[in-house]
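In what follows, a single structure is set out as structure tokens and then discussed.
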Amino acid sequence: MSHRVAITRRIPEPGPSLVAAVAGEVVANHDDRPLTRDELLSLVSGCDAVLCLLTDTIDSDVLDAAKGCKIVANMAVGYNNIDLAAATARGILVTNTPGVLTECTADLTWALILGVARRVAEGDVEMRAGRFPGWGPLYMLGGDVTGKTLGLIGPGRIATAVAMRARGFDMKILYHGRRSSPSLDAIGAEAVDLFRLLAESDFVSLHVPLTSETHHLIDAKALARMKPSSYLINTARGPVVDEKALVKILREGGIAGAGLDVYEDEPAMAPGLADCPNALLLPHLGSATQGTRAAMSRIAAENLVAVLSGCKPPNLLNPEVWRETT
Ligand code: GLV
């Protein structure tokens, strides 16, 4: 049977080749930009499968436009861009790309921890501006990292990979989540309630998916519980943090700093955030390494190809749909 497959944005190999090998027709956005809503609605129409990115909002209108579609394969581990319930109601399988971006996202979390505490970006700016006055005993002092307490919110794979690295920094590790984590417990991390984690951690690092429960989990109240000497790190999803409240507390010095890779309304930032010298700001680079993006492309394509070949995709998010269709 000849399949029509949509790829919503230019992505690295090997995904496109794997898809092309099974699809009769590939309709693709060859540009490195997200499609407009109208373009997306038109691209997916009449497709048997859609390979999409976290920059595409796949809601019921898009799913209706993709009538007859069997699978939406997201090239991301997070899938808050897809209305999973709406896809399930329409019998459309949804997959993501877990696992392959764990290590590089943990690496970037550590880049933010070290970067914000040791003022790495600020120091670089000083050097380039020719403002380095020479070594000074009080010059550009930052926060300590080694031996401090790391609080991980969300007990999943990425949090565990961040914790493994923290052992090398001799840190005490606290974590909070809806379930306990045998792998975090095994490395000596202590499960605590959110209140205690916020109050005791020197670094609070977010590793939860974005859901209605985690939206603004870190609001003004939560931020106020953090120590004035502590740092907030976010490599998860922007809306987990109330960004306006974060700007306010950063300005007031209520916490020492924030290392952010994600924002509430990407690619925009809350007014004032860019003017906070105690914020280290990265443009959503968690999975942005050549190897990881290639692996994400491969896994998204493999999920899609599995379904077009009549097989259960390895990273199925709504298995109840699979049971219904088989
Ligand atoms: C990246 O943010 C992802 O969810 O894959």
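Summary table below
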item	result
Radius ratio Rg over Rh of region 198-250, counting only Cα atoms, Kirkwood formula for Rh	0.93
Leading residue at positive end of dipole, the chain (Cβ point charges), from M140, L184, A199	L184
Surface per residue (accessible, 1.4 Å probe) for the chain, Å²	46
Accessible-area order (highest first, 1.4 angstrom probe) of the listed residues F203, F169, F195	F195, F169, F203
GNM flexibility winner over the chain from E243, E13, E213 (Cα, springs under 10 Å)	E213
Sulfur and carbon atoms: percent of accessible area, the chain [1.4 Å]	54
Using a Förster distance of 30 Å, the FRET efficiency for L41-K244 (Cβ separation, nearest 0.05)	0.40
Within the chain, percent of DSSP bridges classed antiparallel, to nearest 5	5
Linear extension gain, S17 paired with R90, 0.36 nm per residue minus alpha-carbon span	23.5 nm
Euclidean distance between Cα centres, region 246-294 to region 161-224, Å	19
Those aspartates and glutamates that a straight Cα-Cα span of less than 12 Å connects to K244, excepting residues fewer than 8 apart in one chain	D219, E264, D265
Translational D in µm²/s for region 166-256 (Stokes-Einstein at 20 °C, 1.002 mPa s, Kirkwood Rh from C-alpha pairs)	156
Within a Gaussian network of the chain (alpha carbon springs, distance under 10 Å), most fluctuating of A49, A73, A268	A268
Sites W135 and R178 - FRET efficiency at Förster radius 45 Å, r taken between beta-carbons, to 0.05	0.40
Along each principal axis, Cα extent of region 102-281, largest first, Å	50, 34, 28
Within the chain, helix-based [θ] at 222 nm, where runs of 4 or more DSSP H residues each add -39,500 (n - 2.57), nearest 500	-10000 deg cm²/dmol
K70, K172, ranked by accessible area, largest first (probe 1.4 Å)	K172, K70
Dipole magnitude of region 102-281, debye to nearest 20 (Cβ charges: Lys/Arg +1, Asp/Glu -1, about Cα centre)	300
Scattering curve values for the chain, log₁₀ I(q)/I(0), Debye with Cα scatterers, q = 0.12, 0.16 Å⁻¹	-0.86, -1.27
Violating pairs (Cα-Cα greater than 20 angstrom) within the set K221/K248; K148/K248; K70/K312	K148/K248
Size of charge dipole - the chain - debye, nearest 20, with Cβ of Lys, Arg +1 and Asp, Glu -1, no other charges	560
Assigned charges on the beta-carbon of Lys, Arg, Asp, Glu; region 248-326 dipole about Cα centre (debye)	280
For region 1-77: span of alpha carbons on each principal axis (Å, largest first)	29, 28, 22
Cβ crowding within 10 Å averaged over residues, with 109-121, 283-295 ranked highest first	109-121, 283-295
Protection proxy ranking of 92-102, 272-282 - average other beta-carbon atoms within 10 Å, highest first	92-102, 272-282
Efficiency of FRET from Cβ geometry, H30 and T146, R₀ 45 Å, rounded to 0.05	0.40
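The values are calculated or read from the model by the stated rules, or taken from the named source; none is laboratory data. If you're wondering where the values come from, they're calculated on a predicted model, not measured in any experiment. Counting neighbours? That spans all protein chains shown, and the Cβs are built from the backbone with ideal geometry, glycine included. Remember, those area values only see protein heavy atoms, side chains included, never the ligands or the DNA or RNA. Shrake-Rupley method; radii C 1.70, N 1.55, O 1.52, S 1.80 Å.
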